[in-house]
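The values are calculated or read from the model by the stated rules, or taken from the named source; none is laboratory data. Because the structure is a prediction, the values reported are computed rather than measured. All Cβ positions, glycine included, derive from the backbone under ideal geometry; neighbour counts span all protein chains shown. For accessibility, only protein heavy atoms count, side chains too; no ligands or nucleic acids. Shrake-Rupley method; radii C 1.70, N 1.55, O 1.52, S 1.80 Å.
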Amino acid sequence: MRSIDKIIDIISKKKNIIYSYKKAQHELISVLRELTSKEKKEIKPKVLKLMHMYRQEYYNGTENSNNFHLVCAVGFVVLSQKEYAQYGGADERLILPWYCPPWYSDYYNSEQWMSIGYTLLVQYISKGYINPTGNKMALELVNLKSGFSDFKAITLEEHIWTLFKYESEVHLTKRYPKFGQLEWGAKFVELANENKISREKLLSECLLVTTRNFNKTATGFFFDIIIALEPTNTELINLQSTLYLVLQSTHSKPINQTLKYLKRIHKEPNFDIEGFMEQIPLLLSWDIKAVVNGTLDLIDVLIKAYPENKEQLGILATQSLAQEDEALQTKSIKLLNKHKLLQEQTILDEIAIYSDGLYGSTKALLPDIQFTKIEQESIEISPPQRIREDNRIIYPKSFDEMVFFFSQVFEGNSVYDFDIFVYLLPKLHKQLTEENISKLEPIFQRALKYYDRTAIDLKSEIIFGMAQAFLFYGYTFLKDYAKFHKKISKYYHIMVEGETEIDNEMSWRKGRLVNFEKIENTPTIFNIYRHCLILMLNRIKIDSNESPIWIPSHKPCWIEPSQLIERLNNNSKVDAFEFQIAINRTIFSKNMNNTIQDRELKAIIDYAVHINVLNIEEVLTPDLWIPSLLKKNNATDLQLFSNRFQKETHEIDFSQIFNGNITHRNSKNTTFSSHAVQLIRTLNFDTIYSYTRMKSNYSEEFIDLNFILYLFPTLPNFILEALYKTPRVNFQLILPSLIDIWGEYGDNNYLFLARIFTDVDKATRQFTAELWHKATQEGTINHQLLGETLGRLEHNAYAPLKRFTDLIVSSMLNLSTLHNEGLHTLLSAMIPQMNDTPIKGTKKLLEIYLEVLSLTGLGVPDETMEKLEVWGEVRSLKSLVGKLSKGKYI
Amino acid sequence: MSATDTLTYGYSFASLLKSSASSSELFLANYSELPSSNLPCFFEGSISNPYIVSRCLIALANVVKSNYIITQAQLEAMRDPIVTVGGEQIRFEGFSQCAGVYARVDVTEEGQSEAFVASGTTNVDFNQEMISALGRVGRGSDFALHVGSKSIEVTTELHKVTEKKVTLPTRWVKSLTAVQHYMAHSHHHTTLSRLQAIQLFRSIPKGTVKTDYYLIHRANRYSFSPMAQNGALLIGTINRLRLLEPLLPLLKELKVYEHKDGLSSTWQLYFDTVVFSLTISREAYRGFSGEGTQLGELMEEIDEGIIERFSHFGHANETFSPTLLPIRIGKEPSEVERLTAKLSAMGLLGYDLDHGAYFYRQLPFKPSRILTLNPRLRGAKKLIEKNQVKIVFNEKGKVEAKVAGSGVEHLVIIEKGEAKCTCQWYSKYQGSRGDCKHVLAVSEVVK
């Protein structure tokens, strides 16, 4: 019988339950021991197949694990490391005594999570089977049980020190005792106290961990050991050079603790003050206040203890003036003053370097220094120019240009590719010939690839829609090119099969996409795109020469009014959704020449541009009037319109709705009462503004998020509100576009803005500051309204005020006179809206307000002063309010 | 060669810093895969600014340890930096694991007492113990540097013949051959003082940043901003700049260079006799290895004799003169651009931004590792070999061709120096990462 047959025989016999696993193992080992090199090579392919098969059966539950482990034992003996590593699974203990594959040690080291237990590892090391890496040794040690006490000499002299050199989960063992695992922190202290390991080495290694890029918690764990060991002053002095290494750490906890130790030993005879002074620049540049504070405290005591280094220490201390925190700047100046260093010209020269970034309150503490006054950048308001020559969209014209456009359209290269797609496909269709049609094949292949690429929830719905529309187009409209049609039909059929399969598995999305021409009633954003795609397919079907009226003429989404008028005059029929998008995207000017022939359409544009009062008798097609009505946001007109076109069950009195009222329940449930929202809710017909429901995960879809925004560039509040309520939206992806299109928006957009000013994500907040900066420059932001909205949001501490105050300090303060004045208006409007009982962070807000008053030379408005007087009753704010009321530093 | 390949650094000892109260001696073990570069010792001399050099080497170690796209499970042992010694300069170079960050420490002539034993490029062992010990080097102590060692005694004393097996991804070596091309196409953007640099780096946002960042100048100060404005420098994924933070309080001056197409930025920190430079790619997930902006130049074969002759002229760190080269090797000046691209892609050149010139250094890896690095080039050559390029039209400066793709024929049009293709590579990157294999093949066929 051949070896492989013997092996198969043993493994398959195991299926008989009378035949025991142990007996099978025994028999198998006997066969394996006899294998020659040649036989091993011969049976390799079969063994690989068997391993694959048994693993599948094991995973599918049709086979227990024993057969899989048996065949893995064979694999262990005959396969290479790479082949065996795909499966693993052998019980090596039975094999290693007589055969150790040459790759076993490498295999053990390369399998990150493979653990054989520390005791067994020590045995294997002694027998030469394994030469473990430090990482693996640390892993095995971390897994030791709490009862482990067999600490051999090699364990104590060598192995346990790997825990200090290689990052493991040793820091988690603090929580492990309840799971029966060894708590290493306590164990190290115990071993040192029992003199089983060197206390000096333990202290030194714990400190050195900070130089090894361990994570914050792991580093903290080793520092806790040091604290538990309570090092003496002599020990700390001996460890000085290592303590200075800790000061170069990237984590603040060890640094703070080390600063405390240094403070303790700074008077010891062998204290190395030079060594510490080398570390000061790095310490004072930290962005964690505690580190800078601790360093300044230490400098303070060092100046006393080492008067010969006084000036040098003073010069070093001035480096903390680079900090943006007012308290740190003040502390630094007070320290210098305390040691009479402000009398030294060298120190004053150093301070002058930082003068540009010093707060008024800090400068007030200094003697009469003449700082060079840096002139504020003079910025004048310049309104945004949406329609320019440099942002005109060039639409592909020749057939080849179109081919290259469509071949890249599924890559998501540009946010207005959807618009061009809808405009261009009917044009491409008209230019097709027998000769050129083959150039389209890569596009069909790409459309199918996109369809097939990733899980549906992770795809861009817009690109997905274009891919499906393109495949649908090919199958439906290219039948005249029989040979080519046959080729591309296969792509369409693969998609249909795929969709049908998914539909069967997920009933909730049945018919969602495959039946392309059937619109669902669900008001999702996707149905707006699909509506546009279906209109496009209809244009191809009827061989129309008309272009969609809503496609942009200028990047990213703007329509030149003359182009809109031309399209409206050329098109025979106007679709309500298309018209609504077009009005949202068109930049009207008061002196534009409205030459629209259709009477009602002309009246709509006139109303949008310059008519002040709605003539309800002109409204024949109400859904076309909606965008103009919302842009005007006039309560009387809205009431008039609503009375005529509202659902029977809804009656609304606009005069009773306070526009801009915020109802705040919790962070995600803050509503802003708005006329526009109320109107849309009550209408008896559909508008695009109702189609704002989104899929659950929009965290990554840059194209979709931005395209959605570009549907409503002049009335974004509906979509902003919907986005805010959608979980996991990444605002970083959408804010650059919002900043780009931000205009003179109505008050209902300011809630969104106020919310993201205090968003949890710092980068998002930074974007908001950019928006504020640009909009201030363009004159498109209402600082008063933004301040009021922020104040009302923070009335009950909607989000930590620190987020907002930090943002002002880092990105909004002192940008230009124009910005400082805007900030003054914002803060003056914000304060009166806040709670009478100051929330956490109010002090910092008032410090900033004081700085703004100093920069602008403006006063405190009466309404703001009233709130400040209320806050002045609180002890911690009393002095600050006093300064504010006088408008200067004391 | 596979996408990754195992490299075994065969060091004769483990690098070590020997310190006493007043002096330090750094022994760096060296190893090259090239027998001709595997010399026992390259440099023995003293360094005049030990505190700065040691901090810069720590920062370099942080770069080679860092990664911005690879998961922890994929992380292997650190890839050791390389050092080029010669021409009165010492340059240490290394890449992050993800190949999107390149760092170099240049110790200038004034920064060391000359004691060059040999000239060449070698890998140097950067073990954790040595890096940790570097932190102890103070400003006042004497500092001797040894790259390799002549003394058998020292080698023995430092004990342990040490072997480090690392999986060396192709992209790591490839990046070493590509980054100088980016630097050569960069220009000076801004110079900042120490204070300006510290204030600037404080504006790096914490946490995950998903958008590009820019260096802007506003209201008399520099800051990082997520929004572009006139004159802004595009940085891309910003958190990688944090690698420079420990060096900021020590620097004299910071110069920022930007790539002409915004594909990279270089941050050069000056410390009297030492320059630390950090070059980062446009996005963290786009390392320098994946770009192919010089593939066109590489397509044409260069006579091996020229390469051979060139390598005889080149000495480590010697400035590579594009003016003199054609005379030395007997070629037309017009071919220099292509030749330079080819030589740098073969790992024979580095680039010095301060001098605006290439310098010679031969990477210490087997040529077989380097020559198989460009799959698009290989693909293009294969298309030509299999006769899968059909030229449909070639007149009046316009070329139209059909080139075989996976299951379809792609349309390639080259007109007025601009090439377009219907393949996915071109569709996705629109030529910003070099030509696709189809365009390369057509260009070659119609040449």
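Among B:427, B:344, which is at pLDDT 90 or above and either farther than 30 Å from residue B:191 by Cβ or touching a Phe, Trp or Tyr at 6+ places or on another chain (Cβ under 8 Å) (or both)?
Sole residue among the options that is at pLDDT 90 or above and either farther than 30 Å from residue B:191 by Cβ or touching a Phe, Trp or Tyr at 6+ places or on another chain (Cβ under 8 Å) (or both): B:427.
Would you mind finding the one in A:400, A:419, A:356, A:368 that is part of a helix (DSSP H, G or I) and either away from chain B (no Cβ under 13 Å) or among the hydroxyl-bearing types (Ser, Thr, Tyr) (or both)?
Criteria check complete, one pass: A:419.
Please work out which residue is surrounded by the fewest Cβ atoms within 10 Å (Cβ to Cβ), limiting yourself to the range A:252-284 and to residues that are more than 13 Å from chain B (Cβ to nearest Cβ) and in a loop (DSSP other than H, G, I, E, B).
A:269
When you check residue A:302 against the structure, is it away from every other protein chain (no Cβ under 13 Å) and within 25 Å of residue B:141 (Cα to Cα), yes or no?
Yes: the conditions hold for residue A:302.
Using the structure shown, decide if residue B:220 is surrounded by fewer than 20 Cβ atoms within 10 Å (Cβ to Cβ) and within 9 Å of another protein chain (Cβ to nearest Cβ).
On the way: surrounded by fewer than 20 Cβ atoms within 10 Å (Cβ to Cβ): yes; within 9 Å of another protein chain (Cβ to nearest Cβ): yes.
Yes: the conditions hold for residue B:220.
Does residue A:755 satisfy being touching a His at 6+ places or on another chain (Cβ under 9 Å) and at pLDDT below 90?
Numbers: touching a His at 6+ places or on another chain (Cβ under 9 Å): no; at pLDDT below 90: yes.
Criteria not met by residue A:755.
Taking the residues in the range B:381-412 that are within 33 Å of the chain's Cα centre (by Cα) and within 12 Å of chain A (Cβ to nearest Cβ) as candidates, determine which candidate is modelled with the highest pLDDT.
Out of the qualifying residues, it is B:412.
Report every pair of residues separated by at least 6 positions or lying on different chains whose Cβ atoms are under 8 Å apart, first residue within the range B:259-276 and more than 28 Å from residue B:433 (Cα to Cα) and among the hydroxyl-bearing types (Ser, Thr, Tyr), second at pLDDT 95 or above and surrounded by 17 or more Cβ atoms within 10 Å (Cβ to Cβ).
What qualifies is B:270/B:254; B:270/B:255.
Can you tell me which residues in the range B:13-33 are farther than 20 Å from residue B:116 by Cα and in a loop (DSSP other than H, G, I, E, B)?
B:13, B:14, B:20, B:21, B:22, B:33
Counting only residues that are in contact with a helix residue (DSSP H, G or I) (Cβ under 7 Å, 6 or more places away or on another chain) and not hydrophobic (A, V, I, L, M, F, W, C), which one in the range B:195-217 is farthest from the other protein chains (Cβ to nearest Cβ)? Walk me through how you get there before you give the answer.
Restricting attention to the range B:195-217, the residues satisfying the condition of being in contact with a helix residue (DSSP H, G or I) (Cβ under 7 Å, 6 or more places away or on another chain) are B:195, B:197-199, B:201, B:203-207, B:209-211, B:213.
Add one more test, that the residue is not hydrophobic (A, V, I, L, M, F, W, C), and what stays is B:199, B:203, B:205-207, B:210-211, B:213.
On the way: B:199: 6, B:203: 6, B:205: 4, B:206: 6, B:207: 6, B:210: 5, B:211: 5, B:213: 9 Å.
For the range B:195-217, the residue satisfying everything is B:213.
Quick one: what pairs do we get from the range A:184-198, first residue in contact (Cβ under 8 Å) with a residue 40 or more places away in the chain, second open to solvent by 30 Å² or more (accessible area, probe 1.4 Å) and assigned to a loop (DSSP other than H, G, I, E, B), C-beta under 7 Å, 6+ apart or different chains?
A:196/A:151
Sort out which residues of the range A:122-163 are outside any helix (DSSP H, G or I), more than 42 Å from the chain's Cα centre (by Cα) and either acidic (Asp, Glu) or farther than 20 Å from residue A:107 by Cα (or both), and write them in order of number.
If the condition is that a residue be outside any helix (DSSP H, G or I), more than 42 Å from the chain's Cα centre (by Cα) and either acidic (Asp, Glu) or farther than 20 Å from residue A:107 by Cα (or both), then A:147, A:148, A:149, A:150, A:151, A:152, A:158 are the ones that fit.
Do you know which residues across the range A:702-742 are among the small types (Gly, Ala, Ser) and more than 12 Å from chain B (Cβ to nearest Cβ)?
Selection gives A:722 alone.
Within the range A:273-306, work out how many residues are among the hydroxyl-bearing types (Ser, Thr, Tyr) and under 41 Å from the mean Cα position of the chain (by Cα). Can you show your working first?
Within the range A:273-306, the first condition is being among the hydroxyl-bearing types (Ser, Thr, Tyr), and the residues that meet it are A:285, A:295, A:306.
Retained after the next criterion (residues that are under 41 Å from the mean Cα position of the chain (by Cα)): A:285, A:295.
Number satisfying all stated conditions: 2.
Kindly indicate whether any position in the range A:372-391 is over 30 Å from residue A:775 (Cβ atoms), out of contact with any Phe, Trp or Tyr (no Cβ under 9 Å at 6 or more places or on another chain) and modelled with pLDDT under 95.
Within the range A:372-391, the first condition is being over 30 Å from residue A:775 (Cβ atoms), and the residues that meet it are A:372.
Narrowing the set further to residues that are out of contact with any Phe, Trp or Tyr (no Cβ under 9 Å at 6 or more places or on another chain) leaves A:372.
Checking the rest, the ones that are also modelled with pLDDT under 95 come to A:372.
Yes, there is a match, as at least one residue in the range A:372-391 is over 30 Å from residue A:775 (Cβ atoms), out of contact with any Phe, Trp or Tyr (no Cβ under 9 Å at 6 or more places or on another chain) and modelled with pLDDT under 95.
State whether one or more residues within the range A:217-239 are at pLDDT below 90, aliphatic (A, V, I, L, M) and open to solvent by 10 Å² or more (accessible area, probe 1.4 Å).
Scanning the range A:217-239, I find no residue that is at pLDDT below 90, aliphatic (A, V, I, L, M) and open to solvent by 10 Å² or more (accessible area, probe 1.4 Å), so the answer is no.
When residues of the range A:825-846 are filtered for being in a helix (DSSP H, G or I) and open to solvent by less than 20 Å² (accessible area, probe 1.4 Å), how many remain?
Going through the range A:825-846 one residue at a time, the tally reaches 9.
Mind checking whether some residue in the range B:231-245 is surrounded by fewer than 17 Cβ atoms within 10 Å (Cβ to Cβ), closer than 21 Å to residue A:740 by Cβ and free of Cβ contacts under 8 Å to residues at least 60 places away in the same chain?
yes
In the range A:809-824, how many are surrounded by 22 or more Cβ atoms within 10 Å (Cβ to Cβ) and away from chain B (no Cβ under 13 Å)?
2
Six or more apart or on different chains, Cβ atoms under 6 Å: show the pairs whose first residue is in the range B:188-215 and under 18 Å from residue A:321 (Cα atoms) and open to solvent by 10 Å² or more (accessible area, probe 1.4 Å) and whose second is of a type in the set (D, E, K, R) and not in a strand (DSSP E or B).
That search, which allows pairs on different chains as well, returns B:202/A:287.
When residue B:132 is evaluated against the numbered criteria (1) crowded, with 22+ Cβ neighbours inside 10 Å; (2) within 14 Å of chain A (Cβ to nearest Cβ); (3) at pLDDT below 85, which criterion, by number, is the only one it fails?
Among (1) crowded, with 22+ Cβ neighbours inside 10 Å; (2) within 14 Å of chain A (Cβ to nearest Cβ); (3) at pLDDT below 85, the lone unmet condition for residue B:132 is (1).
Can you find a residue that is surrounded by fewer than 18 Cβ atoms within 10 Å (Cβ to Cβ), without any contact (Cβ under 8 Å) to a residue 12 or more places away in the chain and within 25 Å of the chain's Cα centre (by Cα) anywhere in the range B:17-35?
yes
Does the range A:777-798 contain any residue that is touching a residue at least 60 places away in the same chain (Cβ under 8 Å) and within 14 Å of chain B (Cβ to nearest Cβ)?
The answer is yes, given that some residue of the range A:777-798 is touching a residue at least 60 places away in the same chain (Cβ under 8 Å) and within 14 Å of chain B (Cβ to nearest Cβ).
Suppose we filter the range A:316-348 for residues that are of a type in the set (Lys, Arg) and free of Cβ contacts under 8 Å to residues at least 12 places away in the same chain; how many remain?
Matching residues across the range A:316-348 total 1.
Within the range A:394-414, which residues are aliphatic (A, V, I, L, M) and either touching a Pro at 6+ places or on another chain (Cβ under 6 Å) or farther than 16 Å from residue A:557 by Cβ (or both)? Please lay out each step first, then the result.
Here is the first cut: in the range A:394-414, the ones aliphatic (A, V, I, L, M) are A:394, A:402-403, A:409.
A:402, A:403, A:409 - these are the residues of the range A:394-414 that are aliphatic (A, V, I, L, M) and either touching a Pro at 6+ places or on another chain (Cβ under 6 Å) or farther than 16 Å from residue A:557 by Cβ (or both).
Tell me which residues, restricted to the range B:398-438, are among the basic types (Lys, Arg), open to solvent by 40 Å² or more (accessible area, probe 1.4 Å) and touching a Lys or Arg at 6+ places or on another chain (Cβ under 9 Å).
Kept after step one, since they are among the basic types (Lys, Arg), are these residues of the range B:398-438: B:398, B:402, B:416, B:420, B:428, B:433, B:437.
Pick out the ones that are also open to solvent by 40 Å² or more (accessible area, probe 1.4 Å) and you get B:398, B:402, B:416, B:420, B:428, B:437.
Those that are among the basic types (Lys, Arg), open to solvent by 40 Å² or more (accessible area, probe 1.4 Å) and touching a Lys or Arg at 6+ places or on another chain (Cβ under 9 Å): B:398, B:402, B:416, B:437.
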